[in-house]
Amino acid sequence: MRTPWSCAPAGGPKAPTAPCAGCSCTPPPGPALPRSRGPGNSTAPARTWTGSPAAWAAGTTPTKPPVRNRLAVIGKTRRVADYLTTATGTDPSTGKPTLQWAYDQVALEAESATDGWYALLTNLDPAEADTASVLLRFKGQEASERRYGNYKGPLAVAPMFLQHNRRIAALITVICLALLVFSLVERQVRAQIAPAAKIPGLYADRPARPTGWLIFAAMAGLRLISAAADRPAVIPRPTPLQQRLLDLLDVDPLRPP
């Protein structure tokens, strides 16, 4: 707390007073005096003290607006403005601002009543899907959306510049057909090994859950030796893992489709 100003009148004891004009007294340690704009202080903003001498001596500003401004900042940054009730005032004995706050129980109960609820907008007719069906379809979107990653991964679709819309449509059709085959192969293998979830040796000689990428990577070693004039086309004997995958897919590479 800042101590009061002290002047030393000649022949008398020191008495706490306000700073006197023309006096050579030295202010005690504390906050600096407010200064007005002048020729030697052109950059200092003009300020006027309107509080009581006791408040200035204490180095405080007993006003309610700063408290209200601070409450507004807290309510915005903490997102609690809608759930707090506040009241600001001034203590008549000290001249300092006061604050009373409490949670708004009605607002909290209204907010908690909507926890876990959100709106879903659909173009489905109510006869096609009820509320539960719409929610199940919404939650199942990721099953198809995660296939988009296959475009950039195992399918390795490179960017291509096309000039005509029909060529764009044709390219998309080919890509979707490749994705369909990719997905059906994965689905067939998983369905055949059920209730098991992994195939031994599928990934780095370790058990792994079959995915389209792992299945095609394991089958990449299969090759066809083209036919010659004196022999038919030959496919070398597959590895045990490749043979099992072919059996799961019900594919005989030596039999024409």
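So here's what we get for this one:
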{"item": "Single residue of 222, 249 found to be of a type outside the set (Asp, Glu), within 24 Å of residue 150 (Cα to Cα) and over 44 Å from the mean Cα position of the chain (by Cα)", "result": "222"}
{"item": "Residue that is farthest from residue 202 (Cα to Cα), among those in segment 222-257 that are exposed (fewer than 11 other Cβ atoms within 10 Å of the Cβ), in the same structural domain as residue 202 (by TED's automatic domain parsing) and basic (Lys, Arg)", "result": "231"}
{"item": "Filtered residues of segment 127-143 (kept if in a loop (DSSP other than H, G, I, E, B) and either surrounded by 10 or more Cβ atoms within 10 Å (Cβ to Cβ) or in contact (Cβ under 8 Å) with a residue 40 or more places away in the chain (or both))", "result": "128, 129, 130, 140"}
{"item": "Verdict on residue 94 being part of a loop (DSSP other than H, G, I, E, B) and surrounded by 11 or more Cβ atoms within 10 Å (Cβ to Cβ)", "result": "yes"}
{"item": "Residue match in segment 83-96 (condition: under 19 Å from residue 65 (Cβ atoms), in the same structural domain as residue 65 (by TED's automatic domain parsing), out of contact with any His (no Cβ under 8 Å at 6 or more places or on another chain) and of a type in the set (Phe, Trp, Tyr))", "result": "no"}
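Yes/no per residue for (1) surrounded by 12 or more Cβ atoms within 10 Å (Cβ to Cβ); (2) in contact with a helix residue (DSSP H, G or I) (Cβ under 6 Å, 6 or more places away or on another chain):
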| residue | (1), (2) |
| --- | --- |
| 154 | yes, yes |
| 169 | no, no |
| 175 | yes, no |
| 184 | yes, no |
| 193 | yes, no |
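The values are calculated or read from the model by the stated rules, or taken from the named source; none is laboratory data. Note that the coordinates shown come from a computational prediction; the quantities given were computed from them, not determined experimentally. Note: ideal-geometry Cβ built from the backbone for every residue, glycine included; neighbour counts use all protein chains shown.
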